1. Would you mind getting me the FRET efficiency between residue 119 and residue 27? Use the beta-carbon distance for r and R0 = 41 Å, nearest 0.05.
2. Based on the Cβ-Cβ distance from residue 15 to residue 96, what FRET efficiency comes out when R0 is 35 Å, to the nearest 0.05?
3. I'd like the Karplus ³J(HN,Hα) series for region 99-116: coefficients 6.51, -1.76, 1.60, θ = phi - 60°, whole numbers in Hz, and an x wherever there's a Gly or Pro.
4. Among 28-35, 97-104, how do they line up from the highest to the lowest mean number of other beta-carbon atoms within 10 Å?
5. For residue 79, which sequence-distant residues (separation of 5 or more, or a different chain) have an amide H within less than 5 Å of its own amide H, given hydrogens modelled in the peptide plane?
Amino acid sequence: MRDIPRSPRIEELRRKRQKRNLGLAFLLLLTLFLILIGLSLLSRIRGLCINQIEINGNNVIKKNEIETFMQNKGFVKIADTVYTTAGDQFWARKDYILQKKGKSFVIFEQLFSTINLYYKKVRRKLLN
């Protein structure tokens, strides 16, 4: 096979493409690295998971009992998806979250969570 001569313009475009691809590969690796750092930081956050713990037979901890307990320990509820007996709640230390995010963030997230729960209740009533 005979070598096909390449024009200088084709070589220039090939080098630019290689340079661009190296830049994109670097950005991809940097992004993955930052994601790993973020996940490692998130893994240090410790949570508490309570799901209807039975105490003395059939006595189940109620939602308002958990809320009272957490508020007494210095936590604030940011989000709540508990409608009946299943769901999730996100609690954060009150002093920490207010210092890091501010009072407006906490109020907005609580308001959004309350509206979402109310919507679920209304929707369930309308569908049944």
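1. Given R0 = 41 Å and the Cβ-Cβ separation, E is 0.55.
2. 0.10
3. Calculated HN-Hα couplings, in order: 5, 7, 10, x, 5, 5, 4, 4, 5, 4, 5, 5, 5, 4, 5, 5, 4, 5 Hz.
4. 97-104, 28-35
5. It is 90, by chain and number.
Laboratory data are not the source of any read-out in this text; all were calculated from the coordinates shown. On a predicted model such as this, the values are computed, not experimentally measured, just so you know. Note that we place each Cβ from the backbone using ideal geometry, even for glycine, and neighbour counts take in every protein chain shown.
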